[in-house]
Each structure stands twice: as C-alpha cells, then as structure tokens.
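S.K.: One structure coming up, written as structure tokens, with questions to follow.
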Amino acid sequence: MTRETPSILIVDDEPFIVLGLKTFLEDEGMLVTGAGSGEEALDRVRAGGRFDVCILDQRLPGINGDVTLRALHGLCPDLRFIIHTGDVGYAIPNDFHTMGIGPVFLFKKPLLDMQPMARAVRTLVLHQEVQ
Amino acid sequence: MPHLGYKRNSLMPWLGLALLLGLLSIGMVAMLDQQRERLQEDAYDQARDDLSLISSYVHEALQNGNYQVIDSLVQEWGTKQRDVDEISLSTTNGLLLGYYQSPTSPVETYRISRQIPYSYKGMATLELVKDVDWIAGRLARLRIQLFSAVVVIGAVLWVIIWLAVYRHSEAVALRERTRELDQANTRLSEELAQRQQAQAALRDSETRLRSILDTAAEGIITIDEQGRVQSINRAAEEIFGYSPDEVIGNNVRMFMPSPDREAHDEYISNYLRTGVGKIIGHGREVTGLRKDGSSVPLDLSISEVRLGNERIFTGVVRDITRRKQAEEQLRRSEEQLRLTFENAPVGIATVSPDGSLLNVNPAFCDIMGYSEDEAQHMSVTDFTHPDDKELTLKLYQQIWEGEVGMQEYEKRCIRQDGLVIDVCVHIGAIRHTDGAPLLFVVEFEDITERKRVTRELQRMRSYLQNIVNSMPSILVGVDPESRITEWNIGAEKATGVLATDAIGRGFAEVLPEYRSQMANLQAAMTQRQPVRADRLITETKGQPRYADVVVYPLATNGSLGAVIRIDDITDRVRLEEMMVQTEKMMSVGGLAAGMAHEINNPLSGVLQSCQNIQRRLSPELAANRRAAESLGLDMSELQNYLRERGIPEFVEGIQEAATRASGIVADMLAFSRRSDAPMRPARVDEMLDRVVRLATSDYDLKKKYDFRKIAIVKDYDAQLEEVNCDRMEIEQVFLNLIKNAAQAMFKAGTPQPQITLRTRLDANQARIEVQDNGPGMDDETQRRIFEPFYTTKGVDEGTGLGLSVSYFIITEQHKGSIAVFSSTGEGSCFVVRLPLDGENRHDPGDSQYTDRG
C-alpha cells in the first residue's frame, strides 16, 4: 500500500489473462490482485482491500464491467480505472465523467504489447497522488 | 306679235316725260324761293339807303331846330320817292317832328327805323315804312315765265322721245320678218331635194329588187289570198326541185307534206278571218316536200303585204338540212360531254381566273357538301384549308402564267359541314389557240380515307418500329434461309452494324458469336415453338459476356421465319456476382462479430504469455537474476542454451502468429461494425498527406520495403476541399491503397516506382485516385480484388481483407464507390468517389477516450 508500490486490482473472468497481466505488472514492481468477477472485486474492496488502479474487463459473469465500475467508485472514490475489453463495440459511457469518476483508459484485447498499459497504470497512480 | 311689243314700248316716253316734268317743277319752285329771298334782300338794302338819305336830308334842319321846315322836308322827300308808304320823325319824348303818308295802301310793307341826333337835346327816331308789293308782282311774273318754259320743254322732249322709240320698234319688227322668210325658203328647197332623191331611189330599188330576189340564198315565194303561187325565185326552185312554170298559179300546198298540205287552205282562211297566224310575223321551222317526194327541213317566215284591196303573202324559206345535222351532232356531243361531266366519279370544277367557281359537277358537290348553286357563288379559297391557301393560290398563279403545265397536288379542304378532308387535285388551264388562258379545269378526288389508312398504317408501323427499337434487346428477324430481315437499334448498338448493312445477310455471318444458335433457329422454325438458351457465354474483345437468347418462330402469310431476341445480361450476371460477394462479406461480418470476443481472449493470453516469457528469460530484469541466483543458475549459460535451441524464435513465432490472428479478427470486425464515429468535414488533401506520412513511418512497411524510394506525385484539385466523412475510416482506406501499391511495386521490382495521388471535384463528388506504375493486374484479379480473403500476397503479407474492408467503408459506410482500372504491365489505378455531403450518422456520444489501437 506504499506509494512506491502501486496496488492494482485486475478483474477478468479469464484466469490466464489475469495471470499474464499480473506477471507483467509485478515484474514492473507493482502489487497485483486478481478477481474473477465483479462481485469478487467488490468483496475484496469491502473486505478492506485498498487499490490504486483497477483493470476491469467488460464481459463478466454476473454484473458487467460498467456496473462493477460504478459500484467500486461508490465504495472507493479514489480508485482509477482501466477498461480492458475484447468487445469491439464498447465505448465509455458518458455518466462516468458526470459521476466524478477520474480519467478512465480503454484498452482493447488482445494487447500485442503490455508496456502501454503499464505506462497508463503509472500515469493514473501519479494522477491520484497529485490529487 | 310685233303689235304687242309696239304698244308696250309706247308707254315708256310718257313715263319719262312725266318724270322729267316733275323734276322741272321741283326745280322751278326752288328757283322761285331763291328769287324771293334775293328780292327781299334788295328791298332791305334799298330801305336802309332811303333811311340814310332822308336822315342826311333833314340833318341840317334838325341840328338847327327848325321844326317847321322839318315836316315839309319830310313830305317833300316822301312825295319824290316811289315805294315809300310812310315816314315819321319823332323825338324821344313823343313830339312828332315830321310825317308823310303815301296815298296808296300797299298789301305788304317793310318797316325800318333809326335813331338820329336831334339838336342838342337828344335823339330823334326816324321811322320808314317801305311799300314792297312790287316783290309779289315780280315773282308772279317769273312764275308764269317758268311755267311756260316747262310746258314748252316738255312738249319738245315728248316729241323727241316718241320719235326715238317708234323708230327703234319698227326696225326690230322688220328684221324678224326677214328671217322668217329666209327659213321658209330653205325648207322648201330641202323638201324639193328629198322628193327628188326618193323618186330616184324608188326607181333604183325596183330594178335591184328583182335581181336580189333571184340571187338571194333564201327561197322566196309569194302567194295570193287563195294560196296560189305568184312568184318563185331561183333559190326556192332549187330547194323544191320545180321550175317556175310548174309552180306559178298552183296552190302553194304542193310544197307541203301531210297534214299541212290538207290543212293549208284552212290556215289561210283562218288568218284572213281572225288576223291571227301561226307563222306570219313569227317564222318557224317546217318540213317541206320536194318534187321528188323527199322532205326537207326548212326555216320559214311569212310576211303579209297589202296592195290596195289585195293581200299577198311572201314566204322566205331556207334549207336547214345541214344546220339540222350540225345541231344534232352538237346536241349529241354536248349530251355526251354533259353526261361525262355529271357522272364523272371525280369532282370537276371550272374556275375563272379570279378563282371563283363557274361550274361544278355532282361528284364535286358530294365531296365538298355544297350544292351546285352554293358552289357557283364560291371561290376556290373558300373551301381550301387555311394552311393550304397560300400553296393553292401560288399554284393557280403559276399555271395561269404558264410557268408550269398541268399539276397534281394534295391539299386539305373544309367541307360545308366543317369536316376537313384530304383531296388530290389535278389542275390545268384551258387556253385560247393563241395560248392566252381562259379558265382552269380542276379535278378533285377525296383521298381522306386513303390518307387516313396510309397514316394509320404509317403510325402503326412506326409504333411497332418504336416498340422494336425501344427494346434494349437485340431483335433480329430472319427468313427461313436465316437471312436477316429485321435489325433493330438495339442490334445496331450492340454490334456496331447498321440495319442497312445487316439486312439481307446471313444471321451467322453478321453475328458469328451466336453461330451456335443456328440449330435452335431451325428447331424453333420446324417445331413452331420458342427455343431458349440462357446465360450463353460469348466472348467480346477477350471479355466473357453473358446473354439470354430466345428464338420465336414466326408464321406470317404462310412463310416461315423467326425473331431472335438476344439480351445481354452481362451486367446482371456481374451484379449477381457482386451481390453474392457482398452477402459473403456480410456473413463474414456477422460471424466475425460473434467470434471476435471469444478469439480475442485466448489471443490475449497467448500474446501476454509470450511477452512475459520473453521478459522473464531476459537477464536484464533484476527479478530474473535474483531467481536464477537462488537456484544457482547462470543466466548467461541459460541465454546460450536458449539461443542454441532456438527458443526465442519459437516464442517470436507464437507471437507473430497470434498477432496475425488478431489482425484477421480486427479486419473481420470491420464488416460488422456500424461505425459510431460521426461524419465530420475533413480535407481530402490533408487526409492523403497524413496517410503518406503514416506510410513512410509504418513499421510493417519499413520492415520489408523502403517507402521513401517511391516517388509520390500529388495532383490535388484546389477546388476540392472537404468531404463529410469518418476521417479515420477514409484514412484507413487510403493507407490500404497506398500500401497495396507500394507492396505490388516492390514485389515486381518496378524500376522507378511512383504513386500518383490525384483529387478532383466531380459534380457533387470527390474523386480520389491512387495510381501506381507497378505491374498492374489481370482481369481475373480485378474482378475479385475486393473479395474477402482474396489476396495475391504471401501468407505473411496480408490478410486479404484490406481491400474488402476498404470496399465496405466506401460503399456501405460512405455511400460512395470504389473501382480499379488496370491492365497487366501498365500499373493500376484505384478510383474512390465520395459524396461531398455524406449523411451524418448518429452521434452516439463522446468518445474522446476511445483508443482504436
């Protein structure tokens, strides 16, 4: 939870994708937690989990990504989001801004290179610190 | 007569005389008045002289106051004086100094007085009364003298005037008389001359008459009251064939056939009794009997002559045999002409030079609907259609002037009932022998029905021709020998052979590509059933063309033939192919959308894993070194081992394969994607420039070719500015085209590779051309180039979806068009057309954070 090691929550129903991202970001020196669904992610936060950035899939079993995002934002307004989806038609809903949700990055699957996402995470962490 | 004039004239001198005398009397009275005044003035002067005389006579006595003397002086002076009636001298106080009174007592006096000085004491009054009776006496004398003079002058004047008037009247009467005598004299001599002439003429005519009678062309016979022939002239002898001896004295009925012969005596007695004759005074045609018994037509006129109590009748006969014959001939020929005119099946009219109708026949009346009477009051132009009047008049004029001979022409006429009819007109002029025109003969034939039928036929024919020609099909009519009889415009267009060149030639000769249909042609004609051949493939200029051919047998007027209909359905076939292709692409799109997500997840895992493997094998990562160290593994040894066994290549291979798969999925997704980005105006030149920059720095391109070696030629139309489009998509299309061009040129080793980017403002469209000078492509490639997964590139060079996606973006998303023009070895040119004001798509919202990666 120290500022030096950003804490990341990855929500994706594909464990292999969670593993791949987790591995890469951990190698980047970040603390990474994985969750298989929106409900699980919410449980972790409610259980006292503290995260700087949440990497969120859209198509999830149970509640979908957007619903999860709004719920997480409600629990933890400082949390920043990266949406990572394979849905080509997805666009960030307008209400995210009006709700006061901070900047949200959108990445589409598959990532040919994970480095840009890692940079985006750092940017968001930095942004959070500034605030 | 002269008497009367004479008497009237005699009044004139008397009147003149009376007038003259009147004037004289007036003059005389005036003269008397004047005379009296002069005499009175004389008397007055005399009285004043007398007064002066007496005053000087008594002056001295008065001065001396010698009164006794004064009275005697007055008396003395008074007695010496004539004409003095009274003198009195008295003082102012009434003292009478002297007084004289004459013994006479005159009728008329004149009194005059004067004051004269008296002694020293004052004035005395001297009064004188003059006797002026002498004046009246002088005047009376004068009156008598004047009257006498007037009487004398009047008498003299009367005589003179009377003489003058009388003498003049006499002379006039004399002249009148002389003239009457002269006239009577002239009349007498004229009468004499006439009588002499008449006597001479009478003598002359008697001799002449005889010779005239004998030389007259007419026969002349005279008969008496009993009908006996008195004389017969030579012409009559010849007519009847008798000599005078045989005739004279015989009854004239010998010249007559029955029943006149028997009735003739009766005729004469009737006439003598009633004075009414059948022939006498009229003349008529009769039949005469010759001596030889034959009859002869005669023109007979009889006149009656009275000689004293006797009457004779003179008959003049003329042999009219020849005239009768001529008349008969004329009558017959006229009858024939009349019948011809009246029964002619065509309308005939004779027309005067001024265009008015003279005669018309019944057929004319039938055609025009006017009666003969009506027609005769009409002019040619009255029933000519207004549009044809000018032509008609001109033609009449030309014929009249002899410029042209008989003419035939067609015109329209208006019937009496208002109907417009077509007529065929023959017109000619009848001329005198000297060539001068006399009248027109005009023949009218009603050709309305004929014209209508002809028009109807023509209309029907052109209608059918239109139908045949407006068919896009090739329509060819052939006879049983397969020779072309009909060749429509469709056939002309398709083959470039004109109908005039095609008709008459063999079907297979003109259309060799359809030679295969000759069998069908025969079959259709023998079986009398249409024969079809669908999707017949022929080749024109190396291009396959498709056609549906139907052969319809024709049986007209017993002879066989056929119509061949050829429809070029190449375009339709192409369209069908295109639709199949589009459907294919659409189904790919639908499939892709569903697949994309499922494939992308595993691909994510694969790609992420590869990246992690590569990173975790790298000695550069501290964590790696720490892990190796704890295991006692030498990192550099490990690296050597991995290289030795080609592990990085395998991992890279996995990575590349997954990347390609990801690309395919992304491209496929393009088909299903309804772009959500709004259409915005974007500059075409800017988009092209940006794409060129992008291509120059494109990693994939750089890997295999050096894009900078390609000369980029920009030919932009300054007028073309912005098009409403999805910039990202259009740029993707341009990039595809440029990349394809570059790849094709590098692959073919084009010596001086060049890409021309050309823009044009074309009506309401933007035309963008991407042209290369590369190897070009064959027709097969051109046809399939936009097909999904169709590629000429190696497996590692592209997915085969780039142009399909471009095609989709341009035609579906932007309602534009994309086409390629190319031939092998001559480069290719892709032409993109975009509507300038592409429909604005629904804006789904802000997508500023969208990263299309």
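The values are calculated or read from the model by the stated rules, or taken from the named source; none is laboratory data. Bear in mind the structure is a predicted one, so any value in this text is a computation, not a measurement. Heads up, the Cβs are rebuilt from the backbone with ideal geometry, glycines too, and the neighbour counts pull from every protein chain shown.
S.K.: Restricting to the range B:421-436, what's the tally of residues that are part of a strand (DSSP E or B) and out of contact with any Lys or Arg (no Cβ under 8 Å at 6 or more places or on another chain)?
M.R.: Qualifying residue count, the range B:421-436: 7.
S.K.: Which of the residues belonging to the range B:790-834 are at pLDDT below 80, among the small types (Gly, Ala, Ser) and in contact with a Phe, Trp or Tyr (Cβ under 8 Å, 6 or more places away or on another chain)?
M.R.: Selection gives B:800 alone.
S.K.: I've got another one for you. Being among the acidic types (Asp, Glu), within 23 Å of residue A:25 (Cβ to Cβ) and more than 11 Å from every other protein chain (Cβ to nearest Cβ): is that true of residue B:652 here?
M.R.: Yes.
S.K.: Then there's this: Could you grab me the full set of residues in the range A:67-105 that are within 14 Å of chain B (Cβ to nearest Cβ) and at pLDDT 90 or above?
M.R.: A:69, A:80, A:81, A:82, A:83, A:84
S.K.: I'd like the residue in the range A:1-40 that is outside any strand (DSSP E or B) and among the hydroxyl-bearing types (Ser, Thr, Tyr) and, out of all such residues, is modelled with the lowest pLDDT.
M.R.: For the range A:1-40, the residue satisfying everything is A:2.
S.K.: Going by the structure shown, is residue B:135 touching a residue at least 12 places away in the same chain (Cβ under 8 Å), of a type in the set (Val, Ile, Thr) and closer than 30 Å to residue B:47 by Cβ?
M.R.: Judged against the criteria, residue B:135 is a match.
S.K.: Further question: Mind checking whether some residue in the range B:190-213 is within 22 Å of residue B:252 (Cα to Cα) and among the hydroxyl-bearing types (Ser, Thr, Tyr)?
M.R.: no
S.K.: Now a separate question. Is there a residue in the range B:182-202 that is touching a helix residue (DSSP H, G or I) at 6+ places or on another chain (Cβ under 6 Å) and surrounded by 10 or more Cβ atoms within 10 Å (Cβ to Cβ)?
M.R.: no
S.K.: Does residue B:156 qualify as being at pLDDT 85 or above and under 30 Å from residue B:61 (Cβ atoms)?
M.R.: No: the conditions fail for residue B:156.
S.K.: Looking at the range B:487-504, is at least one residue basic (Lys, Arg) and touching a strand residue (DSSP E or B) at 6+ places or on another chain (Cβ under 6 Å)?
M.R.: Taking every residue of the range B:487-504 in turn, none turns out to be basic (Lys, Arg) and touching a strand residue (DSSP E or B) at 6+ places or on another chain (Cβ under 6 Å).
S.K.: Select from the range B:374-424 the residues that are surrounded by 17 or more Cβ atoms within 10 Å (Cβ to Cβ) and over 26 Å from the mean Cα position of the chain (by Cα) and list them in ascending order.
M.R.: Of everything in the range B:374-424, just one residue is surrounded by 17 or more Cβ atoms within 10 Å (Cβ to Cβ) and over 26 Å from the mean Cα position of the chain (by Cα), namely B:375.
S.K.: Another question, then. Check residue B:630 against each of (1) within 14 Å of chain A (Cβ to nearest Cβ); (2) modelled with pLDDT of 90 or more and name the one condition it does not meet.
M.R.: Among (1) within 14 Å of chain A (Cβ to nearest Cβ); (2) modelled with pLDDT of 90 or more, residue B:630 violates only (1).
S.K.: Out of (1) more than 10 Å from chain B (Cβ to nearest Cβ); (2) buried (at least 23 other Cβ atoms within 10 Å of the Cβ), the odd one out for residue A:25 is which?
M.R.: Every condition holds for residue A:25 apart from (2).
S.K.: Just to be sure I understand the filter: pairs with C-beta atoms under 9 Å, separated by 6 or more residues or on different chains, first member in the range B:680-698 and within 17 Å of residue B:740 (Cα to Cα) and modelled with pLDDT under 85, second member surrounded by fewer than 17 Cβ atoms within 10 Å (Cβ to Cβ) and not hydrophobic (A, V, I, L, M, F, W, C). Which pairs pass?
M.R.: B:696/B:702; B:696/B:708
S.K.: Please work out which one of (1) in a loop (DSSP other than H, G, I, E, B); (2) under 30 Å from residue B:665 (Cβ atoms); (3) more than 14 Å from chain B (Cβ to nearest Cβ); (4) within 14 Å of the chain's Cα centre (by Cα) is the condition residue A:58 fails and give its number.
M.R.: With (1) in a loop (DSSP other than H, G, I, E, B); (2) under 30 Å from residue B:665 (Cβ atoms); (3) more than 14 Å from chain B (Cβ to nearest Cβ); (4) within 14 Å of the chain's Cα centre (by Cα) applied to residue A:58, the lone miss is (3).
S.K.: Turning to a different aspect of this structure: Please tell me if residue A:7 is in contact with a Pro (Cβ under 6 Å, 6 or more places away or on another chain) and either more than 12 Å from chain B (Cβ to nearest Cβ) or buried (at least 22 other Cβ atoms within 10 Å of the Cβ) (or both).
M.R.: The answer is no for residue A:7.
S.K.: Tell me which residues, restricted to the range B:341-369, are assigned to a loop (DSSP other than H, G, I, E, B), touching a helix residue (DSSP H, G or I) at 6+ places or on another chain (Cβ under 8 Å) and under 14 Å from residue B:444 (Cα atoms).
M.R.: B:344, B:345, B:346, B:361
S.K.: Next up: Take the residues of the range A:92-131 that are in contact with a Leu (Cβ under 9 Å, 6 or more places away or on another chain) and β-branched (Val, Ile, Thr): which is surrounded by the fewest Cβ atoms within 10 Å (Cβ to Cβ)?
M.R.: A:104
S.K.: Is there a residue being surrounded by fewer than 16 Cβ atoms within 10 Å (Cβ to Cβ) and of a type in the set (Lys, Arg) anywhere in the range B:487-504?
M.R.: Yes, that holds for at least one residue.
S.K.: Would you mind finding the one in B:527, B:522, B:581 that is buried (at least 17 other Cβ atoms within 10 Å of the Cβ) and either of a type outside the set (Asp, Glu) or at pLDDT 85 or above (or both)? Break it down into steps so the answer makes sense when it comes.
M.R.: On the way: B:527 fails: buried (at least 17 other Cβ atoms within 10 Å of the Cβ); B:522 fails: buried (at least 17 other Cβ atoms within 10 Å of the Cβ).
That would be B:581, the only listed residue that is buried (at least 17 other Cβ atoms within 10 Å of the Cβ) and either of a type outside the set (Asp, Glu) or at pLDDT 85 or above (or both).
S.K.: Within the range B:92-109, identify whether any single residue is touching a residue at least 40 places away in the same chain (Cβ under 8 Å) and aromatic (Phe, Trp, Tyr), and answer yes or no.
M.R.: No, the range B:92-109 contains no residue that is touching a residue at least 40 places away in the same chain (Cβ under 8 Å) and aromatic (Phe, Trp, Tyr).
S.K.: Here's something else I'd like to know. Please tell me if residue B:561 is of a type in the set (Gly, Ala, Ser) and buried (at least 18 other Cβ atoms within 10 Å of the Cβ).
M.R.: yes
S.K.: Quick check on the range B:58-86: of everything there that is among the polar types (S, T, N, Q) and closer than 14 Å to residue B:129 by Cα, which residue is surrounded by the most Cβ atoms within 10 Å (Cβ to Cβ)?
M.R.: Here the residue is B:81.
S.K.: Right, another one. Residue by residue through the range B:713-737, note down the ones that are among the aliphatic types (A, V, I, L, M) and buried (at least 18 other Cβ atoms within 10 Å of the Cβ).
M.R.: Initial filter on the range B:713-737 (among the aliphatic types (A, V, I, L, M)): B:713, B:718, B:720, B:723, B:728, B:730, B:733, B:735, B:737.
Selection gives B:720, B:723, B:730, B:733, B:735, B:737.
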